[in-house]
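Structure first, then comments.
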Amino acid sequence: MEKIKFNTLARHIYEEERKYPEATGELSDLLHDLSLAAKVISLEVNKAGLVDILGFTGNHNIHGEDVKKLDVFAHEMMIKAMDHGGHLCVMASEEDEDIIHIPPSFSIGKYVLLFDPLDGSSNIDANVSIGTIFSIYRRVSKGDGPGTIEDCIQQGIKQVAAGYIIYGSSTIFVYTAGKGVYGFTLDPSFGEFILSHPNIKTPKKSRIYSINEGNYLYWHPGLKKYIKWLQEEDKSTGRPYSSRYIGSMVADIHRNLLYGGIFMYPADSRNPNGKLRLMYECNPMSFIVEQAGGRSSNGKQRLLEVKPESLHQRTPIFIGSEEDVLLLEKFIKEYEPAAEK
Ligand code: AHG
Ligand code: MN
Ligand code: MN
């Protein structure tokens with residue numbers, strides 16, 4: 001294993017920026033501000049068991065799900081850390097139905113930030129790994145005034161950067177700016193993210209699959225066949241695969257990114273668009289996984305090419321090791337019900 005040079009996230013971001021003379025440094029500042037928010041959220045998550053921050057706020061988010069206090073804290077922390085840097089024209093969050101404008105007293109920039117402040121919130125009380133996901137675009141709306149909804153619903157291929165922070169046995173900040181995927185582990189003793197995963201590449205083929213099998217009854221016939229195929233014994237194709245499902249997208253995809261694996265949240269007869277949101281869960285994770293040599297699709301097309309219609313729209317997602325996702329797509333195509341052919 002190649003010796004990893006001692007480097008911090010801040011230093012790495014600026015080193016990367018200096019490789020591109022045209023870089024203005026704005027994206028570097030954005031990533032730096034995000035790492036600040038990550039440290040504060042990590043602190044709160046890691047003491048959540050002690051402080052009365054758990055339990056339900058008694059409110060529901062716009063998707064009708066119970067919002068736990070940590071979701072709200074993370075949402076507010078992201079806004080507080082990001083709204084005054086002068087690099088954003090608008091933000092959007094899973095926890096807010098509308099787009100979030102930059103306060104008039106702060107200057108407006110050319111970037112757009114979308115985020116899921118706390119992913120895997122159903123796991124908070126069980127002390128299971130959770131995460132924050134972010135996605136960054138350049139503005140497309142004209143002028144230099146407040147950003148618009150048009151800035152917030154761009155195709156995933158237009159992302160400038162994307163990343164996640166996983167709050168697990170350690171806090172790791174993983175991001176891509178289109179030139180590879182890098183991971184940094186927080187050393188809480190002096191509050192720095194230290195380079196721990198330089199240039200992450202995900203295995204082309206794996207032996208892990210991640211899906212909520214409780215929904216089996218409602219799946220597409222091709223997906224049922226695929227999962228049963230994975231469970232057959234055949235040493236030459238590494239079957240049966242291992243089933244690993246944490247129920248936090250960030251944690252499941254982080255493990256599969258490092259070990260190899262396919263993560264699936266399909267549409268089903270009860271949820272025709274699946275559960276996960278395109279703009280601030282699936283697009284950023286797809287950008288990262290593709291940059292690490294993996295593949296991400298909605299079962300029929302490359303996920304990053306899906307044309308968004310609304311800010312909180314959901315999408316089926318099959319993401320991970322390239323050969324596994326390609327094979328899944330073949331099963332879906334082969335067993336497409338006649339009506340849909
Ligand atoms: P969030 O907490 O932001 O709503 O996301 C939860 C998501 C995702 O993290 C995870 O993969 C999925 O919900 C799990 O859903 P099921 O419990 O239906 O399997
Ligand atoms: Mn989520
Ligand atoms: Mn969330």
Out of (1) within 24 Å of Leu217 (Cα to Cα); (2) buried (at least 21 other Cβ atoms within 10 Å of the Cβ), the one Met279 does not meet is (1)
Sole exception among (1) surrounded by fewer than 24 Cβ atoms within 10 Å (Cβ to Cβ); (2) closer than 24 Å to Glu336 by Cα; (3) of a type outside the set (Val, Ile, Thr) for Tyr226, by number:
(1)
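Can we say Gly183 is touching a Ser or Thr at 6+ places or on another chain (Cβ under 9 Å), closer than 20 Å to Phe287 by Cα and at pLDDT 95 or above?
yes
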Tally, over region 105-122, of residues that are more than 11 Å from ligand 3 (Cβ to nearest atom) and modelled with pLDDT under 95:
0
Name the residue that is farthest from Lys204 (Cα to Cα), counting only residues in region 275-301 that are of a type in the set (Gly, Ala, Ser) and in a strand (DSSP E or B).
Ser297
Can you name every residue in region 100-120 that is hydroxyl-bearing (Ser, Thr, Tyr) and surrounded by fewer than 22 Cβ atoms within 10 Å (Cβ to Cβ)?
Ser105, Ser107
Condition first: touching a residue at least 24 places away in the same chain (Cβ under 8 Å) and of a type in the set (Ser, Thr, Tyr). Now tell me which residues in region 191-232 satisfy that.
Ser196, Thr202, Ser206, Tyr209, Ser210, Tyr218, Tyr226
Any chance region 159-181 includes a residue that's surrounded by fewer than 21 Cβ atoms within 10 Å (Cβ to Cβ) and within 16 Å of ligand 1 (Cβ to nearest atom)?
yes
Has region 15-27 got at least one residue that is open to solvent by less than 70 Å² (accessible area, probe 1.4 Å), in a strand (DSSP E or B) and at pLDDT below 95?
no
From Leu311, Leu327, Leu304, grab the single residue that is open to solvent by less than 40 Å² (accessible area, probe 1.4 Å) and within 20 Å of Thr202 (Cα to Cα).
Leu304
Name the single residue, out of those in region 123-135 being of a type in the set (A, V, I, L, M, F, W, C) and open to solvent by 10 Å² or more (accessible area, probe 1.4 Å), that is farthest from ligand 3 (Cβ to nearest atom).
Ala126
How many residues are within 11 Å of ligand 1 (Cβ to nearest atom), touching a Leu at 6+ places or on another chain (Cβ under 9 Å) and aliphatic (A, V, I, L, M) when one looks only at region 247-269?
2
Qualifying residues in region 219-255 (those that are among the charged types (D, E, K, R) and in a helix (DSSP H, G or I)) - the one farthest from Phe115 (Cα to Cα):
Lys235
Qualifying positions in region 83-99 - surrounded by 22 or more Cβ atoms within 10 Å (Cβ to Cβ) and more than 16 Å from ligand 2 (Cβ to nearest atom)
His87, Leu88, Cys89, Val90, Met91
Name the residue that is nearest to ligand 1 (Cβ to nearest atom), counting only residues in region 93-110 that are touching a residue at least 60 places away in the same chain (Cβ under 8 Å) and more than 20 Å from Phe173 (Cα to Cα).
Glu97
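The values are calculated or read from the model by the stated rules, or taken from the named source; none is laboratory data. Since this is a predicted model, take the numbers as computed values, not measurements. Counting neighbours? That spans all protein chains shown, and the Cβs are built from the backbone with ideal geometry, glycine included. SASA here: full protein model, heavy atoms, side chains in, ligands and nucleic acids out. Shrake-Rupley method; radii C 1.70, N 1.55, O 1.52, S 1.80 Å.
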